[in-house]
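Every number here is computed from the coordinates shown, using simple stated rules; none is lab data. Bear in mind the structure is a predicted one, so any value in this text is a computation, not a measurement. Ideal geometry is used to build each Cβ from the backbone, glycine not excepted, and the neighbour counts take in all protein chains shown.
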Amino acid sequence: MLEKLPPDYVPFEVRERLQKTGLFQPMNIFLRQEIDRMQRVIVLVRNTLTDLKLAIDGTIIMSENLRDALDCMYDARIPSRWKKVRLLLALGTHLLSFLRIYSMFYF
């Protein structure tokens, strides 16, 4: 899962790309908000997965949040810590729609 995460967004690069089509256009405002939301999700998921990997290797102690994340992933559920990040849609649906927007934005 860790390899499938997109790279972090560079705020300067995002702003530069949005300025080309009009920074204050409604679609660009929406896109910027979605990028900010998704960046929080990406960071949280990446940190959790990295910490899980370290905990499984025995490098760090397995906390309650990590144990919950591991149990949830094993049961194909979204970890409770990830659910706390506010998204407009369900996480899976949101991720798919965001990846479509991401592909339009970067390609």
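Worth a mention:
- Residues in segment 57-66 carry Karplus couplings, in order, of 6, x, 6, 10, 7, 6, 7, 5, 5, 5 Hz; the curve used is 6.51 cos²θ - 1.76 cosθ + 1.60 with θ = phi - 60°, and Gly or Pro positions show x.
- Taking θ as phi - 60° and the Karplus parameters 6.51, -1.76 and 1.60, the scalar couplings of segment 5-12 work out to 5, x, x, 5, 8, 8, x, 5 Hz in sequence order, x denoting glycine and proline.
- Shown for 42, 78: other C-beta atoms within 10 Å of each C-beta, ranked fewest to most, produce the order 78, 42.
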